[in-house]
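Visitor: To start, I am sharing the structure in question, which I have written as structure tokens.
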Amino acid sequence: MFKLMSPFTALCTVGFFARLSYALARSPVLPLFALYLGAGPEAIGFAVGISTVTGIFFKLPAGALSDIIGRKRTMLIGLVVFAVMPFTYLLVHDYRLLVVIRFFHGLATAIYGPVSMAVVADIAGAKKGEMMSWFSSITIIGNLLGAPLGGFILHSMANAPSPALPDFHMAYLMSGVAGMLSLFLAVGILHNGKNGVDGKNLKEAYKRFTSGISEVMSDKRVVITSSMEGLQNLTVGALEAFLPIYAVTVADLNEFQAGLLWGIQVVVTIISKPVMGRTSDRFGRKPLIVIGMFLCAGAFGAIPLLGDFWSLMLAAVFFGLGESFVTSSSAALVADLCQEKHFGTAMGTFGTIFDIGHASGPILAGFLIARYDYLYSFWMMSALLVVAVPVFVMNVKISRA
């Protein structure tokens, strides 16, 4: 059956199942599993954030590895992690082992993410922009479906008010099945990838990376603009970890509804992001970033005041809309600034700033919730977004051609 697919269709299918597998193992299943194991807010945040920390350290080495052993082999290594790691959750009976497994599971996206787009580019020919955009959109759909599907599995399997160990095992088994599908499909179609090259390119890649860091840090506009999305990702990571916990333990929703709350936020972001990108092209990047930061801060801060599904759904919609304002416009503004300064090699370093924010969000939220409550914790994190706005407005000046 797989041989009947075009290579691009097969790669999109690989990406869909890989991302579906990872999303199934993440939210809302992961924070609820950590809660089941007796973890407090700090520990839950750490368990959710540790896999993103993995990406911060391993994305560059993964890209360099693909230069040495070839993209197809590197991609297959990442897909092996996708396929194998979900089954290791079946061995978890305490929180410490869960954290260890989460760290190694993070290698899946750290290795697969930067290399998979290069594999698509290899087969795209003159249609690189179009085909890479389609590939990205399809993999996002896998992420989108994972959250409500994971919540549905927990809710439908549970014979008690809250999920038991076998219910979590079923969710991780389904994650493993999706990961195995992505690996088996990839083995059949990754035969036209580029071969590895000599080790000289590793030195060149390292030199470009260090040069990029130096160039980014030399322009405070780039650093501040990148940090705006990093701060926005701080709240994304916090919601990913604690929106399911809040929904189930405070708002008294079921696990499926908790997954839907996260899913609707992603849907709104996917739908509105292209529109926001076109709007920023016409009317400027800075106003949309400012509006988006205020939308995210307001929606994030409102969540602890809400206690029913529909009001929380509305907050998730506004948060997703704010996220699309920030992410579409900040990325475009960084690109504008890089073009102006002629340091395109610096673009690869921006993802690290975003990942730092995403990884810090659940960890910071966990510490705050353990010491205060949801209201003050969420308000303090919302305040960070609000305070960052005047810093951004005053320091990021856009020169007109």
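The values are calculated or read from the model by the stated rules, or taken from the named source; none is laboratory data. For clarity, every value in this text was computed on a predicted model and none was experimentally measured. Positions of Cβ are generated from backbone atoms using ideal geometry, with glycine treated the same way; all protein chains shown enter the neighbour counts. Note: areas computed on protein heavy atoms with side chains; ligands, DNA, RNA excluded. Shrake-Rupley method; radii C 1.70, N 1.55, O 1.52, S 1.80 Å.
Visitor: Per residue, how large is the accessible surface of segment 21-64? Use a 1.4 angstrom probe and give square angstrom.
Guide: With all protein chains present, segment 21-64 gives 28 Å² per residue.
Visitor: Kindly sort Ile356, Ile271, Ile369 by accessible area of their heavy atoms, largest first, with the probe set to 1.4 Å.
Guide: These residues rank, largest area first, as Ile271, Ile356, Ile369.
Visitor: Another question about this same structure. Can you sort Val223, Val326 by solvent-accessible area, 1.4 Å probe, largest first?
Guide: Val223, Val326
Visitor: Please tell me the relative contact order of segment 11-101 in percent, rounded to the nearest whole number, where contacts are Cα pairs under 8 Å and at least six residues apart.
Guide: Answer for segment 11-101 is 35 percent.
Visitor: Given the whole protein assembly as supplied and a 1.4 Å probe, what does the accessible area of Tyr376 come to in Å², nearest 10?
Guide: 130 Å²
Visitor: What distance in nm separates the simple spin-label points at Phe87 and Ala370, each placed 7 Å from Cα in the Cβ direction?
Guide: Rounded to a tenth, the inter-label distance reads 3.4 nm.
Visitor: Taking a spot 7 Å from the Cα of Thr249 along the direction of its beta carbon, which residues of segment 32-60 have an amide N less than 11 Å from it?
Guide: Those under the cut-off are 32-45.
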